[in-house]
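Down below is the structure, laid out as structure tokens.
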Amino acid sequence: MISERMKAFTANSSVIRAMFEEGKKMAALYGKENVYDFSLGNPSVEPPKSVKEAIIKILNNESPNFVHGYTNNSGYEDVRKYIADSTNREFGTKFDVENIVMTCGAAGALNIIFKSILNPDDEVIVFAPFFGEYNAYVKSYDGKLVIVEADTETFQLNTEAFKSKITDKTKAVIINTPNNPSGVVYSEDTLKKLSEILVEAENKIGHPIYLISDEPYRRLVYDNIEVPFVSKYYKNTFVAYSFSKSLSLPGERIGYIIANSELDGFEEMMNALNVANRIMGFVNAPSLFQRVLPYCMDEKADIETYDKNRKLLYSMLTDLGFECIKPEGAFYMFPKTLIKDDVAFCNSAKEFRILSTPGSAFSCPGHFRLSYCVSTETIERSYDSFKALAKKYLG
Ligand SMILES: Cc1ncc(COP(=O)(O)O)c(C=O)c1O
């Protein structure tokens with residue numbers, strides 16, 4: 001008999017699995033090329049060539065035990081030093097080896113942070129729309145996720161609504177910029193406002209509130225927009241970074257946490273993250289991919305293809321009458337649904353062989369998410385289906 005907690009997790013994940021199975025069924029029925037699957041966030045462009053070259057070089061030149069051995073819990077020191085130096089060059093910061101913990105992607109990073117900071121019933125505030133897995137991550141450590149409703153005009157952080165959600169039990173706040181699913185990058189103004197509210201709240205409630213910035217899409221941005229470095233605005237910040245999207249390596253599970261030296265209880269915290277990394281079952285970040293990073297981490301996957309897809313899909317949808325914020329980063333678009341019920345709308349889109357994700361999955365109903373990490377041809381071919389969908393509701 002499985003646990004009550006696990007029953008709730010499996011119920012949620014069966015919805016996603018059902019969609020995946022349905023996509024496969026539709027592909028068998030209509031042909032893969034006639035099904036427009038915008039439901040998954042799996043990178044469609046290849047990793048930079050330097051990734052493969054680095055793997056080959058390392059395997060040819062280094063001893064197998066050096067490459068494949070257990071790593072220190074926080075990760076190899078030379079790799080962490082490389083990341084610290086690279087971050088300092090980019091953002092004018094002063095990080096060093098001790099500020100960094102290598103992780104199994106952003107998901108691994110978030111889980112070891114929550115394991116390290118949460119007591120039962122601690123509250124973690126999140127801004128809608130947000131990546132639905134946060135629910136499971138927080139619940140796994142007996143925390144409670146508290147949701148701030150979305151500002152659907154701008155999709156920036158709804159800081160006014162945020163103030164009313166802070167309580168004595170608030171332990172952390174999680175933000176995600178560039179955002180999945182809206183594609184919005186939080187502005188410097190927004191982050192400054194957030195930081196002011198957090199400092200005031202900490203003083204009032206008398207304990208630290210940790211800001212966790214989940215940033216797997218930091219390097220996937222368009223039109224040269226700058227993603228402000230969140231750590232600069234608030235001392236109690238963890239940044240969770242991942243190479244899943246920027247280097248198209250989601251299956252390799254590699255990322256890191258970078259924490260400010262000024263963070264409350266810094267040494268104890270870094271020790272907790274180090275131990276959590278070992279005892280979570282996945283046992284630290286993968287060795288080979290830590291070794292690979294210094295050869296390629298400053299590069300990124302082919303952003304031009306995503307940009308082409310972004311422009312094409314955006315102009316297609318807005319021409320057809322959909323309302324949508326133009327994404328500034330990541331590879332998602334989050335238009336308004338043409339009827340109020342976003343789940344019914346996504347089901348209706350399936351009649352036209354369009355697979356998408358309802359906004360409710362991101363706690364933001366009335367919208368739907370389209371992942372444009374697909375081939376450009378898929379977007380081109382989907383035009384008639386979107387046109388028919390728009391005609392059904394807009395006439
Ligand atoms: C917002 C967000 N956070 C975290 C993750 C997990 O990424 P990773 O593969 O680095 O664990 C994803 C994956 O899609 C995501 O979209």
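Could you tell me which of the pairs LYS163/LYS192; LYS139/LYS165; LYS25/LYS311; LYS144/LYS235; LYS24/LYS245; LYS192/LYS245 are separated by over 21 angstrom between their Cα atoms in the structure shown? Too far apart for the 21 Å limit: LYS25/LYS311; LYS144/LYS235; LYS24/LYS245; LYS192/LYS245. When the charge dipole of the chain is built from unit charges on Cβ atoms (+1 for Lys and Arg, -1 for Asp and Glu) and taken about the Cα centre, the candidate among CYS373, PRO129, THR93 whose Cα reaches farthest toward its positive end is CYS373.
Region 140-188 and region 13-91 have their alpha-carbon centroids 27 Å apart. Computed from the Cβ-Cβ distance with R0 of 51 Å, the FRET efficiency linking ARG278 to ASP384 stands at 0.45. At a Cα cut-off below 16 Å, give the aspartates and glutamates reachable from LYS81, other chains included and same-chain residues fewer than 8 away excluded. Straight-distance partners of LYS81: GLU90, ASP96, GLU98, ASP298.
Using r as the Cβ-Cβ distance of ASP121 and ASP298, and R0 as 51 Å, what FRET efficiency do you calculate, to the nearest 0.05? The computed FRET efficiency comes out at 0.75.
Of all alpha-carbon pairs in region 1-116, indicate the percentage at a distance above 16 angstrom.
Working: 5304 of 6670 pairs.
Distances greater than 16 Å cover 80 percent of the Cα pairs.
The residue list SER356, ASN111, PRO228 was ranked by how far each Cα lies along the charge dipole of the chain toward its positive end, using unit charges on Cβ atoms, and SER356 comes out on top.
Long hydrophobic helices in the chain: the complete DSSP H runs spanning 27 Å or more by Cα along their own axis with mean Kyte-Doolittle hydropathy of at least -0.5 are 4-30.
How much of the DSSP bridge set in the chain is antiparallel, in percent, rounded to the nearest 5? Provide the component values of the computation, followed by the final result.
Values: 15 of 35 bridges.
Around 45 percent of the beta bridges assigned by DSSP in the chain are antiparallel ones.
Using only the C-alpha atoms of region 244-304, find the volume of their convex hull and express it per residue in Å³. The partial results should precede the final answer.
Values: hull volume 7.0 nm³, N = 61.
Value for region 244-304: 115 Å³ per residue.
Within region 59-119, report the chymotrypsin sites (Phe, Trp or Tyr not before Pro) that DSSP leaves as loop and that have at most 12 other Cβ atoms within 10 Å. The partial results should precede the final answer.
Working: sites: PHE66, TYR70, TYR76, TYR82, PHE91, PHE95, PHE114; in loops: TYR70, TYR76, PHE95.
Passing sites in region 59-119 are TYR70.
Computed on the Cα trace of region 181-276, the radius of gyration divided by the Kirkwood hydrodynamic radius gives Rg/Rh = 1.00. Just the protein heavy atoms count here, and of the accessible area of region 53-183 at 1.4 Å, carbon and sulfur take up 47 percent. Relative to its residue count, region 332-395 spans a Cα convex hull of 72 Å³ per residue.
For region 49-296, a crude dipole built from +1 on the beta carbon of Lys and Arg and -1 on the beta carbon of Asp and Glu, taken about the Cα centre, is about 680 debye to the nearest 20.
Over region 349-395, what is the relative contact order in percent, taking alpha-carbon pairs closer than 8 angstrom and at least six residues apart?
On the way: 31 pairs, mean separation 16.5, N = 47.
Relative contact order for region 349-395 comes out at 35 percent.
Rounded to the nearest 500, the 222 nm mean residue ellipticity of the chain from helices alone is -13500 deg cm²/dmol, with -39,500 (n - 2.57) taken per DSSP H run of at least 4 residues. Considering only TYR241, ILE56, ALA201, the residue lying farthest towards the positive end of the dipole of the chain is ILE56, judged by Cα position with unit charges set on Cβ.
Loop-located trypsin sites (Lys or Arg not before Pro) across region 293-378 with a Cβ neighbour count of 14 or fewer within 10 Å are LYS340, with loop assigned by DSSP. Identify all aspartates and glutamates with a Cα-Cα distance to LYS326 below 14 Å; exclude those on the same chain that are fewer than 8 residues away in sequence. Within the straight-line cut-off, LYS326 pairs with GLU153, ASP223, ASP307.
Once the convex hull of all Cα atoms in the chain is built, its volume per residue stands at 152 Å³. The distance between label points at GLU77 and GLU62 comes to 1.6 nm (points 7 Å beyond Cα on the Cα→Cβ vector).
The values are calculated or read from the model by the stated rules, or taken from the named source; none is laboratory data. Nothing here was measured: the structure is a model prediction, and the numbers come from that model. Every residue, glycine among them, receives a Cβ derived from its backbone with ideal geometry; neighbour counts consider all protein chains shown. SASA here: full protein model, heavy atoms, side chains in, ligands and nucleic acids out. Shrake-Rupley method; radii C 1.70, N 1.55, O 1.52, S 1.80 Å.
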